[in-house]
1. Between M168 and residues 5 or more places away or on another chain, which pairs have amide H atoms under 5 Å apart, with H built 1.01 Å from N, and which residues are they?
2. How big is the range 28-154 by Rg and Dmax over its Cα atoms, in Å?
3. Modelling each spin label as a point 7 Å along the Cα-to-Cβ direction, I'd like the D74/R127 distance in nm, to one decimal.
4. For K57, list the aspartates and glutamates whose Cα falls under 14 Å from its own Cα; do not include residues on the same chain fewer than 8 positions away.
5. Report the full-extension gain for the segment S99 to E155: residue separation times 0.36 nm, less the Cα-Cα distance, to one decimal in nm.
6. So how do 167-174, 30-37, 70-77 stack up, highest first, on mean other-Cβ count within 10 Å?
7. If I model a spin label at E118 and D146 as a point 7 Å from the Cα along the Cα→Cβ vector, what separation in nanometres do I get?
8. Could you order the peptides 155-161, 110-116 from most to least packed, using the average number of other C-beta atoms within 10 Å per residue?
Amino acid sequence: MKRLLALPLAALFLLSACANFTTHTVSEGTIERYLMNAVAGFDPAEATGLPLNVALKTAKVTLGPDGRQVAVLDVRGQVAVDALFARLPVDVALKLEGSPVYDSTEKAVFIRQLKMLEGSIDTPLYRGDLAPVTNSVLEVVSYLLDNTPVYRLDETDARQRMLGMIPMDVRVAPGRLEFVPRD
């Protein structure tokens, strides 16, 4: 009988200990580095079926601008389209806004509900606003960010592994993401 009571008490103790953790925070810089690495490992040709190569040159992340629960991504890079026997490079600059969402199954944060704030392209044939192809570009970037986390809990760290075991949400604060127990 004592053993039967010990198991629920141990689980209750573990959950209360997890709830007493201070929030785990992630800085903008950490997310920028994570995003750069994630995009470097992303294969758009496999994901979209299009012969594309993506190279991200810079990524600036702003969390919680004006106290809002959003992330602003200011990214610059190059998309190269392989057409026939030539590669057509396109320099792309995008400023996007989206909502950070924690996926407890993946133990990762994704940026969802994207909106294009600004966008421009520079090719040998055209330089200027991205407006004519905004929807197409937004679809590809949305697909990428829906499937590529901008941060993942580090399960080799005992504290983060424990955080991943309890229901969590992510809250945006100026300059950081905060992992907090779900209400």
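1. It is R182, by chain and number.
2. Rg, Dmax (Cα atoms, Å): 14.6, 49.
3. Result for the modelled spin labels: 2.1 nm.
4. Partners within reach: E32, D74, D91.
5. Computed gain between S99 and E155 is 17.8 nm.
6. On the way: 167-174: 15.5, 30-37: 17.4, 70-77: 19.1.
Result, highest mean Cβ count within 10 Å first: 70-77, 30-37, 167-174.
7. In this crude spin-label approximation the distance works out to 2.7 nm.
8. 110-116, 155-161
Quick note: the coordinates plus some simple rules give every number you see, no bench work behind them. Treat the numbers as computed from the prediction; the structure is a model and nothing was measured. Note that each Cβ is placed from the backbone with ideal geometry, even for glycine, and that neighbours are counted across all protein chains shown.
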